[in-house]
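What follows is a short report on a single structure.
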Amino acid sequence: MDIATIIGLVSAVTLIIIAMQDPMAFMDFQSAVVVIGGTIAATLIANPLPDLIGLVGVYMKSIKTSGSSPSELIEKIVGFAETARREGILALEAAVEDADDAFLSGGIRLAVDGTEPDLIMDILETELRFVEERHKAGQEMISRAASTAPAFGMIGTLIGLVIMLKNMDDPAAIGPGMAIALLTTLYGSLIANIFLDPIAAKLKTYSGQEILAKQMIIEGIMSIQSGDNPRIVEHKLSVFLSPSMRPAGEEDAGGE
């Protein structure tokens with residue numbers, strides 16, 4: 001779990017509430033309906049329903065992370081290389097049974113089955129490309145929603161101004177019209193800049209990390225299949241990382 005996302009969301013909401021002094025004065029049902037309902041409606045129009053339903057799971061990935069760290073991944077792949085060198089590549093079939101990474105397990109099984117190196121590379125790179133496309137689609141949906149929320153905030157502002165101007169002769173109606181005019185802009189900005197844009201940015205970061213891990217897996221599998229020494233395998237994988245993130249003894253490998 002990424003505690004930073006939770007801390008950031010809670011901190012942002014808390015700071016806004018503190019700045020409001022009287023939060024109840026900023027509550028307006030009509031403004032919330034215009035912004036939240038309008039953003040959801042526009043997202044429905046722009047995307048197929050199954051994709052929108054799946055967006056909940058995509059959003060939660062910014063909080064609930066999974067997968068091994070790069071150093072743990074290197075250690076795991078080097079362990080497979082040692083097993084292959086000591087017992088033969090067929091021994092890896094049993095070794096990957098408990099692996100929790102389907103991409104790694106699938107690649108190792110292709111190598112164990114004697115698949116041609118070029119075909120393994122093609123299969124894994126194709127899968128990697130479509131993983132990246134799926135990640136990008138989810139990020140773009142949230143980014144589009146982030147741009148839509150302020151737009152509906154502005155629509156609500158115009159609605160509020162029209163209501164206010166049409167009732168200038170009724171002082172009692174000016175207040176509600178002004179509330180809608182101001183609060184919809186506020187709601188749109190808060191939703192976009194706290195709950196949508198930062199989440200899209202976090203998902204983009206996580207996607208980059210996952211793609212890097214899968215690139216390392218491809219390199220490791222190809223290296224194992226070619227019979228490289230485990231030390232060489234470790235060195236090949238370490239160069240994917242910055243020196244500070246490399247396993248002990250590899251910090252200076254490849255320089256900066």
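Since every read-out is calculated from the coordinates, none of them should be taken as a lab result. Just so you know, these numbers come straight off a predicted model, no measurement behind them. Here Cβ is always computed from backbone atoms with ideal geometry, including for glycine, and neighbour counts include all displayed protein chains.
Report the charge-dipole magnitude of the range 89-211 in Debye, nearest 20, computed about the Cα centre from +1 at each Lys and Arg Cβ and -1 at each Asp and Glu Cβ.
1080 debye
Would you kindly give the portion of the calculated P(r) for the range 75-189 that falls above 16 Å, as a percent of all Cα pairs?
Summing the P(r) tail past 16 Å for the range 75-189 gives 73 percent.
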In whole angstrom, the spacing between the Cα centers of the range 103-135 and the range 142-209 equals 45 Å
Taking alpha-carbon centroids only, the range 34-94 lies from the range 6-20 a number of Å equal to 29 Å
For the range 20-106 the trypsin sites (Lys or Arg not before Pro) that pass both the DSSP coil test and the at-most-13 other-Cβ-within-10 Å test are Lys64
With the dipole of the chain defined by +1 on each Lys or Arg Cβ and -1 on each Asp or Glu Cβ, the option from Gly79, Thr184, Ile224 whose Cα lies farthest towards the positive pole is Thr184
Most fluctuating of Thr126, Thr43, Thr185 in the GNM of the chain (C-alpha, under 10 Å) is Thr126
A correct Karplus calculation of ³J(HN,Hα) over the range 134-142, with 6.51 cos²θ - 1.76 cosθ + 1.60, θ = phi - 60°, whole Hz and x for Gly and Pro, returns 5, 4, 5, 5, x, 4, 5, 4, 5
For 113-122, 229-238, ranked highest to lowest by mean beta-carbon neighbours within 10 Å, the order is 229-238, 113-122
Quick calc, the chain, dipole around Cα centre from Cβ unit charges on Lys, Arg (+) and Asp, Glu (-), nearest 20 debye, gives 880 debye
Taking every alpha carbon pair in the range 1-65 and sorting the distances into 5 angstrom bins from 0 up to the bin holding the longest one, the percent per bin comes out as 3, 14, 13, 16, 19, 19, 12, 3, 0
Labelled set (i) 0.95; (ii) 1.18; (iii) 0.92; Rg/Rh (Cα atoms, Kirkwood Rh) computed from this model equals the value at (ii)
